[in-house]
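Remarks on the structure that follows.
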Amino acid sequence: MQKRMMWGALAIVVAGAAAAQKAPQPSPADPKARAQPAEYRSAFTDYRRYDEPEIADWRAVNDEVARVGGHLGIVRAQREAAKAAPKPPAHGMHNK
C-alpha cells in the first residue's frame, strides 16, 4: 500500500514538472524561424517641454542673503532646518 502511494506521488510530481516546461523555442540561427514582430516606441513618448524657471528680483535676493548673514548664513540656515525636520524611519528593521 505504501509503495503504491509513493509511486502515485512520484507520478504526480513528474507529471507536474513535465506540464510546467515551456515549448522549445526556435533557434535564432535558423533562417526559416519566424521572429517576433518589432514593437515601435517613440523616443519622444515621455518627452516634457522645458519651461524656463521664473527669475527672481536680484535686489530682493541680495537683500535676503544679507539678512541671513551672507552665503555662509544660508548654509547654516539649511543645516538648522535639516536638524529640526523629523527624520523618516530607517529602512528594514526600523533600527533606532
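Filtering segment 1-58 to residues that are at pLDDT 85 or above and not in a loop (DSSP other than H, G, I, E, B) leaves only W58.
Cβ-Cβ contacts under 7 Å between residues 6 or more apart (or on different chains), taken from a first residue in segment 56-76 that is surrounded by fewer than 10 Cβ atoms within 10 Å (Cβ to Cβ) to a second residue that is not acidic (D, E), are listed as H71/V65.
Rundown of residues vs (1) touching a residue at least 12 places away in the same chain (Cβ under 8 Å); (2) surrounded by 10 or more Cβ atoms within 10 Å (Cβ to Cβ); (3) among the charged types (D, E, K, R); (4) touching a Gly at 6+ places or on another chain (Cβ under 6 Å), yes/no style:
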| position | (1), (2), (3), (4) |
| --- | --- |
| R4 | no, no, yes, no |
| A9 | no, yes, no, no |
| K22 | no, no, yes, no |
| P26 | no, yes, no, no |
| Q36 | no, no, no, no |
| A43 | no, no, no, no |
| E54 | no, no, yes, no |
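The values are calculated or read from the model by the stated rules, or taken from the named source; none is laboratory data. Please read these numbers as outputs of a predicted model, since none were measured by experiment. Neighbour counts run over all protein chains shown; Cβ positions are idealised from the backbone, glycine included.
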